[in-house]
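Take a look at the structure below.
The values are calculated or read from the model by the stated rules, or taken from the named source; none is laboratory data. Quick caveat: nothing in here was measured; it's all calculated off a predicted structure. Cβ placement follows ideal geometry from the backbone for every residue including glycine, while neighbour counts extend to all protein chains displayed. These accessible areas exclude ligands, DNA and RNA; they are computed on the full protein's heavy atoms, side chains included. Shrake-Rupley method; radii C 1.70, N 1.55, O 1.52, S 1.80 Å.
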Amino acid sequence: ILCSAGLVAPLIGRKTDPVTSLSAALLLLLLQNPFSIAGVGLQLSFASTLGIYLVGQPLNRTLYDALPKQGRRLTAIPVSILAVSLGAIVFTTPLSAFYFDQVSLIAPLSNLAANWTVSLSFLFGILSVVAGMIWVPLGQALAFLVSLPVSFFLWCANSFSGITFAAITLASVYY
């Protein structure tokens with residue numbers, strides 16, 4: 001819904017406004033089911049997207065402009081991932097603390113390590129589905145490619161979550 005709002009705006013001669021698109025998407029979802037507002041998944045999804053728009057994108061532009069022109073091509077992607085991750089974390093951390101009684105300290109580092117795998121998984125997934133519609137064995141062969149970045153993502157999740165103080169619990173009386 002959110003992507004559709006952003007893509008339709010230029011077609012009808014309107015400027016794309018991310019916050020308005022996000023609000024419209026939320027309104028459409030709540031019109032269908034007003035009780036979904038209580039869902040943690042919906043709150044986390046919209047909070048992270050809002051954080052990416054309001055904090056992550058401006059931070060990315062600021063950091064990119066601060067990079068030396070030499071080597072900008074090498075550092076632009078990690079800086080972008082870091083900026084987007086920090087933007088998402090700004091609004092999801094309070095929700096995580098409230099709902100789960102813990103806060104992740106390792107998230108920016110783990111996102112740097114594993115974020116690229118998500119895009120690659122989606123790309124290979126789409127390719128395998130399209131190829132599978134043409135010829136099923138080809139789709140099945142390409143589906144194997146999906147397992148490679150997904151396996152690395154899961155390995156990263158397990159590895160980073162095992163690090164001491166990867167997340168701190170807020171359930172202690174000391175906090």
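For Leu86, which of the numbered conditions (1) open to solvent by 50 Å² or more (accessible area, probe 1.4 Å); (2) in contact with a strand residue (DSSP E or B) (Cβ under 8 Å, 6 or more places away or on another chain) fails to hold?
For Leu86, the exception is condition (2).
Any residue at all in the stretch 1-12 that is over 19 Å from Tyr53 (Cβ atoms) and modelled with pLDDT of 80 or more?
Yes, the stretch 1-12 contains at least one residue that is over 19 Å from Tyr53 (Cβ atoms) and modelled with pLDDT of 80 or more.
Okay, residues lined up against (1) under 15 Å from the mean Cα position of the chain (by Cα); (2) closer than 24 Å to Ser161 by Cα:
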{"position": "Ser45", "(1), (2)": "yes, yes"}
{"position": "Gly51", "(1), (2)": "yes, yes"}
{"position": "Leu54", "(1), (2)": "yes, no"}
{"position": "Asp65", "(1), (2)": "no, no"}
{"position": "Leu74", "(1), (2)": "no, no"}
{"position": "Phe91", "(1), (2)": "yes, yes"}
{"position": "Gln102", "(1), (2)": "no, yes"}
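Would you check if Leu54 is open to solvent by 50 Å² or more (accessible area, probe 1.4 Å), assigned to a helix (DSSP H, G or I), among the hydrophobic types (A, V, I, L, M, F, W, C) and more than 24 Å from Ser104 (Cβ to Cβ)?
Against the criterion (open to solvent by 50 Å² or more (accessible area, probe 1.4 Å), assigned to a helix (DSSP H, G or I), among the hydrophobic types (A, V, I, L, M, F, W, C) and more than 24 Å from Ser104 (Cβ to Cβ)), Leu54 does not qualify.
Looking at the stretch 61-80, I want the residues that are within 19 Å of Ala114 (Cα to Cα) and have a partner that is part of a loop (DSSP other than H, G, I, E, B) with Cβ atoms under 8 Å, at least 6 apart or on another chain. Which pairs are those?
Listed by first residue and then by second, the contacts come to Thr75/Leu67; Ala76/Leu67; Val79/Leu67.
Could you list, in sequence order, the residues of the stretch 129-175 that are part of a helix (DSSP H, G or I), farther than 29 Å from Ala113 by Cα and open to solvent by 70 Å² or more (accessible area, probe 1.4 Å)?
If the condition is that a residue be part of a helix (DSSP H, G or I), farther than 29 Å from Ala113 by Cα and open to solvent by 70 Å² or more (accessible area, probe 1.4 Å), then Met133, Ile134, Val136, Leu138 are the ones that fit.
I'm trying to understand the selection: among the residues of the stretch 91-122, which are more than 30 Å from Ala143 (Cβ to Cβ) and either small (Gly, Ala, Ser) or crowded, with 18+ Cβ neighbours inside 10 Å (or both)?
Correct list: Phe91, Thr92, Ser96, Ala97, Ser104.
What single numbered condition from (1) assigned to a helix (DSSP H, G or I); (2) open to solvent by less than 40 Å² (accessible area, probe 1.4 Å); (3) β-branched (Val, Ile, Thr); (4) closer than 24 Å to Gln43 by Cβ fails to hold for Val79?
(4)
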